[in-house]
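Here is the structure we will look at, set down as C-alpha cells.
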C-alpha cells in the first residue's frame with residue numbers, strides 16, 4: 001500500500017558496486033551475514049521467496065547518516081549544520097574536547113553528557129528541569145521537544161531515550177529518519193587467502209597461530225546480487241507532531257534530507273569490499289526528486305535564522321566531565 005508523501009517521504013535508491021560484482025555485507029557475532037528470503041507477490045497472487053541479504057542494518061545506517069554532519073578532524077559539526085546547538089563535553093581538568101551529543105551513541109542521554117556539569121550544576125538536573133520531568137506529572141511531548149530542540153535538535157531526528165532513573169517518566173523520542181540497505185537475488189561467492197609468515201616457518205609451543213605466528217590460510221564469503229537497494233524514510237508526521245511550528249518543522253526535515261543526500265553523494269563505502277554508488281535517479285514514492293545538497297543547505301540556513309529563538313545558544317554548549325565524578 002502506497003504511503004502518502006505528505007506523511008512520510010520514502011526513497012528507494014538503486015545501488016551498485018563501484019568495482020567488480022562482489023559485495024561484503026555487514027556481519028554479526030555468532031551469526032555471520034544476515035541472509036533472508038524476501039516475499040515477492042506474483043501476478044497470480046502467489047508468493048515467490050527471493051534469496052536476499054542485509055547489506056547494512058538500520059542501526060549502522062543511522063550512524064552513517066549522523067556521521068556526515070560531523071567533522072572528525074575538527075571535532076565539530078560541518079559548516080552546513082552551523083547555527084544548530086549541540087553539547088560539547090570537555091575534560092574538567094584540562095578543558096580538552098572529549099566527546100559530544102553528536103558523537104555519543106545515546107546522544108543527550110549518554111553517560112558523558114549526563115555525568116557532566118554545566119556551570120557547576122549536574123547535567124542530570126539541568127536536563128530534568130529543562131524537560132520539566134516531575135513525579136506524578138504527565139509528560140508534555142511538545143515541551144520536551146522544544147527543550148531538546150534548544151539542546152541538540154538532531155536528537156529529534158535520530159532519537160534519544162532519557163532512561164536514567166533520575167529522569168521521571170524516562171521520555172523517549174524515536175528516530176524520524178531511518179534507512180537500511182538490502183541485496184536481492186543473491187548468490188554466494190567463496191574465496192580465501194593466506195596470511196604468510198616469512199620468518200617463522202613452523203609452529204612452536206608458545207609461538208603458533210594463536211599468538212599470531214605462522215602461515216595461516218583463511219576463507220571468506222562474499223555475495224553477488226541481482227539488485228541492491230537502499231531504503232530511506234523521513235517521517236514527516238513525527239516531525240510535525242513535535243508542535244514546534246512550520247519553520248522548525250521544515251528545518252528538521254531539511255536536515256534529515258540533507259543527511260540522506262550527502263551520504264548518497266559522498267558514495268557509500270561501507271567496508272573495504274563493499275563500496276557502493278547510486279545507479280539512476282533518486283525520487284520519492286510520488287516521483288519527486290530528492291533535492292540537491294545546495295538547495296537543502298539553503299533551507300537549513302533559512303531555518304536556522306527563522307528558528308533562532310528555539311535554538312538555545314545556537315552552537316556548542318560546553319559541559320565539564322571529570323573521571324572522579326564518574327567513579
Next on the checklist: Please go through the range 274-284 and give me each residue that is loosely packed, with under 15 Cβ neighbours inside 10 Å, touching a residue at least 60 places away in the same chain (Cβ under 8 Å) and not in a strand (DSSP E or B), ordered by number.
Outcome noted: 279, 280
Checklist entry - Going by the conditions given, is residue 53 buried (at least 16 other Cβ atoms within 10 Å of the Cβ), assigned to a helix (DSSP H, G or I), in contact with a strand residue (DSSP E or B) (Cβ under 7 Å, 6 or more places away or on another chain) and at pLDDT 95 or above? => result no
Item to check | Meets criteria (modelled with pLDDT of 95 or more, under 30 Å from residue 192 (Cα atoms) and either out of contact with any strand residue (DSSP E or B) (no Cβ under 6 Å at 6 or more places or on another chain) or surrounded by 11 or more Cβ atoms within 10 Å (Cβ to Cβ) (or both)) for residue 28 | outcome: no
Checklist entry - For the range 56-69, what are the residues that are surrounded by fewer than 20 Cβ atoms within 10 Å (Cβ to Cβ) and over 14 Å from residue 155 (Cβ atoms)? => result 57, 58, 59, 60, 63, 64, 67, 68
Next on the checklist: Can you find, within the range 58-90, the residue that is nearest to the chain's Cα centre (by Cα) among those that are within 29 Å of residue 28 (Cα to Cα) and part of a strand (DSSP E or B)?
Outcome noted: 70
Item to check | Extreme residue, nearest to residue 317 (Cα to Cα), among residues of the range 160-170 that are touching a helix residue (DSSP H, G or I) at 6+ places or on another chain (Cβ under 8 Å) and in a loop (DSSP other than H, G, I, E, B) | outcome: 162
Checklist entry - Would it be correct to say that residue 68 is within 30 Å of residue 258 (Cβ to Cβ) and either touching a helix residue (DSSP H, G or I) at 6+ places or on another chain (Cβ under 8 Å) or touching a residue at least 12 places away in the same chain (Cβ under 8 Å) (or both)? => result yes
Checklist entry - Of the numbered conditions (1) in contact (Cβ under 8 Å) with a residue 12 or more places away in the chain; (2) part of a helix (DSSP H, G or I); (3) under 27 Å from residue 14 (Cα atoms); (4) over 22 Å from the mean Cα position of the chain (by Cα), residue 252 satisfies every one except a single condition; which is it? => result (4)
Checklist entry - Quick one: in the range 287-298, which of the residues that are loosely packed, with under 15 Cβ neighbours inside 10 Å and touching a strand residue (DSSP E or B) at 6+ places or on another chain (Cβ under 9 Å) is nearest to residue 181 (Cα to Cα)? => result 289
Checklist entry - Restricting attention to the range 225-238, which residues are surrounded by fewer than 16 Cβ atoms within 10 Å (Cβ to Cβ) and either part of a strand (DSSP E or B) or at pLDDT below 75 (or both)? => result 226, 227, 231
Checklist entry - Looking at 148, 113, which is the one that is under 24 Å from residue 244 (Cα atoms), in a helix (DSSP H, G or I) and touching a helix residue (DSSP H, G or I) at 6+ places or on another chain (Cβ under 7 Å)? => result 148
Checklist outcome for this item: When (1) at pLDDT 95 or above; (2) surrounded by fewer than 18 Cβ atoms within 10 Å (Cβ to Cβ); (3) under 23 Å from residue 70 (Cβ atoms) are applied to residue 271, the one that fails is (1)
Next on the checklist: With the structure loaded, tell me whether residue 206 is exposed (fewer than 12 other Cβ atoms within 10 Å of the Cβ), modelled with pLDDT under 95 and part of a strand (DSSP E or B) or whether it fails that test.
Outcome noted: no
Item to check | Hits in the range 123-145 (condition: surrounded by 17 or more Cβ atoms within 10 Å (Cβ to Cβ), in contact with a helix residue (DSSP H, G or I) (Cβ under 6 Å, 6 or more places away or on another chain) and part of a loop (DSSP other than H, G, I, E, B)) | outcome: 131
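The values are calculated or read from the model by the stated rules, or taken from the named source; none is laboratory data. What you see is a predicted model; the values in this text were computed from it and never measured. All Cβ positions, glycine included, derive from the backbone under ideal geometry; neighbour counts span all protein chains shown.
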